[in-house]
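Right, one structure below, let's go through it.
Every number in this text was worked out from the coordinates using simple rules, so none of it is lab data. Please read these numbers as outputs of a predicted model, since none were measured by experiment. With ideal geometry, Cβ positions are generated from the backbone for all residues, glycine too; neighbour counts draw on all protein chains shown.
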Amino acid sequence: MSNGPLPNKVDPRKLAERNVRITGKADLIGMPNLCQSLIGTDGSVDVDLQFAVAEEGRRIRMITGSATGHVYMTCQRCLDPVEVTVEVDFNLGLAASEEAAKQLPRTFDPLIIGDEEIELLSVVEEELILSLPTDAYHDDCSIKTSYGDAGAVTEDNDKPNPFSVLAQLKASNK
Ligand SMILES: [Zn+2]
């Protein structure tokens, strides 16, 4: 296991053929699109990715693994920073084209790649952005947590989180 930064560009096909596992830290500052939704650019996300080939009737090159960490967003009630836990599971199937992507088993999220190497950080960043709550809230804004304090959650209790609903749908499809 490495705790260094992620490699920048990789060839995911080669990594899959060689069954490579990549672990490392993705610095927030290297993910500007993600940072647009965050307060501050300090910190990093722990990334653990396994490249492999699945045999499901045919060979599917895939990337599985996770990205976990803590970021800060603005609480939409009191406008103070609120800590948000990010936790992303990767289940990407590599596809050379839109057409090929449609033929992937539905259990995979397609990742369309050309012939070039891909920027690993961009792939991680995109998944992280999708995992962020639209609006972040403190559990209880009257209990002021200091910056860096745990004890805040992202759920808005008034309405169901669309992502958790999606997760339930996905789970019941299995
Ligand atoms: Zn608040």
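Key figures for this structure:
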item: Qualifying aspartates and glutamates (Cα of each under 16 Å from Cα of K25; at least 8 residues distant if same chain); result: D42, D46, D48, E87, D89, E119, E125, E126, E127
item: Region 79-145: relative contact order as a whole-number percent, Cα under 8 Å and 6+ apart; result: 34 percent
item: Sorted by Cβ density within 10 Å, fewest first, the residues V124, V86; result: V86, V124
